[in-house]
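A quick write-up on the structure given underneath.
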Amino acid sequence: MKKTLWIAIAGALAASVIAASAQEVLSANAVGYIKKTLPANGKFIMVSIPLNSMTETETVFGRTSLAQEAPVNSVVYFWNTGLQQWDLGNKTSKGWGSVQSNKVVLPGEGFFLKGAPTAVENVDVTITGEVPDNNSLARAIPGSMAFGTVANPYPVDFKFGESDLANNASVNSVVYFWDEANQQWALGNKTSKGWGSVQSNRVVLAGEGFFLKEAGTVTTWTNVRPYTWPHE
């Protein structure tokens, strides 16, 4: 017998995430939904996909609800860490190009998305998938002041200054948060005294990406699962 179980994971999941299970009663699987809004006039948002595919072992962009719900003439921008440049493509009436459609989005990877430049109204899209049950997830940071995209690989809001990413970042590292309202970067660097109060207190939302320039060597941000459910 199957039933739907609405859950609140001890306040750990962000308020923007609704988690539900439609599996067998003893199953640990939970399905999450995160709503994002593509602003009118082709304005940018920086997002991530902190939910696993329900049918595949990898998250393939073209088969995500986010890609499918994005309107025609939307544009996606994936950051090429090796070349330090954007790889981008638009959605036509036939869908996304093969490069963008087949792009595997990694846990903790941020990217840009914008709607049609002629859109006069905001468009809501959703990120849908299974809530990760991995005990930990890691995101590679390029280091040496190269730009790297970062996001929480779990569907949870967090305060940047309280994260291991912020605490372990080397002095002179720089963080870049996207200001959707002003369509520009809000950035700050880490000094010998730490991050500035604006950056330290910045709440990164579930499904939000940002940039980090790590001043030190190549490293990783290993994030431990911040909730106790799902579990075996």
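Picking from residues in region 105-130 that are under 13 Å from the mean Cα position of the chain (by Cα) and among the aliphatic types (A, V, I, L, M), the one that is nearest to Lys36 (Cα to Cα) is Ile127. Number of residues in region 194-210 that are surrounded by fewer than 19 Cβ atoms within 10 Å (Cβ to Cβ) and more than 17 Å from Tyr154 (Cα to Cα): the value is 6. Checking region 189-206 against the condition returns no match, with no residue being touching a residue at least 60 places away in the same chain (Cβ under 8 Å) and within 24 Å of Gly82 (Cβ to Cβ). Note on region 89-112: residues that are aliphatic (A, V, I, L, M) and buried (at least 17 other Cβ atoms within 10 Å of the Cβ) total 2.
Scanning region 91-111 for residues that are of a type outside the set (Lys, Arg) and assigned to a loop (DSSP other than H, G, I, E, B) returns Ser93, Gly97, Asn102, Val105, Leu106, Pro107, Gly108, Glu109, Gly110.
Of all residue pairs spaced 6 or more apart or on separate chains, those with beta-carbon atoms under 6 Å, a first member in region 44-58 that is more than 29 Å from Asp179 (Cα to Cα) and a second member that is outside any loop (DSSP other than H, G, I, E, B) and of a type in the set (A, V, I, L, M) are Glu58/Val104.
Okay, residues lined up against (1) loosely packed, with under 15 Cβ neighbours inside 10 Å; (2) not in a strand (DSSP E or B):
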position: Pro155; (1), (2): no, yes
position: Asn167; (1), (2): yes, yes
position: Val171; (1), (2): yes, yes
position: Trp178; (1), (2): no, no
position: Leu187; (1), (2): no, no
position: Trp221; (1), (2): no, no
position: Trp229; (1), (2): no, yes
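For region 65-77, residues that are surrounded by fewer than 21 Cβ atoms within 10 Å (Cβ to Cβ) and touching a residue at least 24 places away in the same chain (Cβ under 8 Å) total 7.
State all residues of region 78-88 that are buried (at least 18 other Cβ atoms within 10 Å of the Cβ) and closer than 23 Å to Thr118 by Cβ; if no residue qualifies, say none. The answer is none; no residue qualifies.
For region 112-134, indicate whether the set of residues that are of a type in the set (A, V, I, L, M, F, W, C), touching a Pro at 6+ places or on another chain (Cβ under 8 Å) and either under 26 Å from Ala215 (Cβ atoms) or in a strand (DSSP E or B) (or both) is non-empty. Reasoning before the result, please.
Filtering region 112-134 for residues of a type in the set (A, V, I, L, M, F, W, C) gives 112-113, 116, 119-120, 123, 125, 127, 131.
Next cut, touching a Pro at 6+ places or on another chain (Cβ under 8 Å) only: 116, 119, 123, 127, 131.
Subsequent filtering for residues that are either under 26 Å from Ala215 (Cβ atoms) or in a strand (DSSP E or B) (or both) retains 123, 127.
Yes.
Annotation: Glu121 fulfils all but one of (1) over 30 Å from Thr92 (Cβ atoms); (2) loosely packed, with under 13 Cβ neighbours inside 10 Å; the unmet one is (1).
No lab work stands behind these numbers, since they all come straight from the coordinates. Just so it is clear, the structure is predicted and the values come from calculations on it, not from any experiment. When we count neighbours, we look across all protein chains shown, and the Cβ atoms used for this are built from the backbone with ideal geometry, even at glycine.
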